[in-house]
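Derivation of every value follows stated rules applied to the coordinates shown; laboratory data play no part. Remember, predicted model here, so these are calculated numbers, not experimental data. Cβ placement follows ideal geometry from the backbone for every residue including glycine, while neighbour counts extend to all protein chains displayed.
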């Protein structure tokens, strides 16, 4: 008996499905893999995750060198924005780092020595045997650049010294006059115009930011007389500013005459009111005082410098590096610095020609100031240490070697060495 057709079909169909199942599974798996790959290829790329780790610095060595060179050149000029005018009413000076980090930067920054032609004079004199009185806020005799150069004089202010409120401005002026540098061969620190001279410290004023500062207590007039009595032949007064300095006083005028008749050369800052009326400022405006205005490193009159008819000469007063305090340095602007450097020139003349009168020394400085500042008045010239010594020699009837001799390679090399260190010998 035959099976019904339906019964015969089921086993056959079942057998066929069982045998074809592995082939179908393989095809399905292949299709799934292809679909996954295709989906990955056509899907939009995800946004990259932002870097959280900074990229390594790939600055080239030459860029490093240029950056360092620019920093060394521009450091003094940038710091010059700190206006340091001492007892004159100025913005505060910006102190530079203390000794260790400034050692190798200080001497190249003293552009004023070359502008005044000081290194040429050092071949003949460095101010030996001369005492320059610094009537100011006091001098820190322990500063490394002033060791052995300071004579402590009287304090005429009647106000006790505090730890951080005295001697900054006075020390700065002293370093410009008789700074000796320090270290091996005096190669570090600030070198003054007359580095072999001594400075007599007479405190007659307080720092400009000291709230105890008084208008006038008679200290300046007494200080001038005491300076002469203590043997000073040059007196620097980087002082002025305020109402009292525009009037002067009979006592100060008499003290100035007392000093001049005894052979002292008096030098004072012309004042920093050039942009505020340009009036007369005392003690610079007394007739027997050599008043000094300021020029910048391009030998242009600075905007703040007084240039009235009482001003005698001009000298560098912008971007001037000085010692300050007991172990620091500062760069600043003001006619105070210009006055101190001209006082140093007077000390050089005094050392070489001690028998000249105070009027002759002053005339030598004024007559030799032949360089005219750009755009300045025709009656004002820039001080010249070399020319001043030559003029003093002429007045003394002396014949000295040409101050500009050695213009060849050997002479330039010698002057270059002395510009860094006046104590070198040829």
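First measure r as the distance between the Cβ atoms of residue 128 and residue 229, then evaluate 1/(1 + (r/R0)^6) with R0 = 22 Å and state the FRET efficiency to the nearest 0.05.
Between residue 128 and residue 229 the formula returns 0.50.
For a distance above 20 Å, tell me the whole-number percent of Cα pairs in segment 104-215 that qualify.
43 percent
By how many nm would the segment from residue 246 to residue 299 grow when fully extended, if each residue of separation counts as 0.36 nm and the alpha-carbon distance is taken off?
Working: separation 53, 0.36 × 53 = 19.08 nm, distance 2.70 nm.
In short, 16.4 nm is gained.
Please report the equivalent ellipsoid semi-axes of segment 302-353, computed as sqrt(5 x eigenvalue) of the Cα gyration tensor, largest first, in whole Å. Show your work: numbers first, answer last.
On the way: eigenvalues 87, 75, 9 Å².
Largest first, segment 302-353 gives 21, 19, 7 Å.
Using a basic spin-label model with each label point 7 Å from the Cα along Cα→Cβ, how many nm lie between residue 379 and residue 161?
4.1 nm
How far apart, in nm, are two points set 7 Å out from the Cα along the Cα-to-Cβ line at residue 309 and at residue 372?
So the label points at residue 309 and residue 372 sit 1.9 nm apart.
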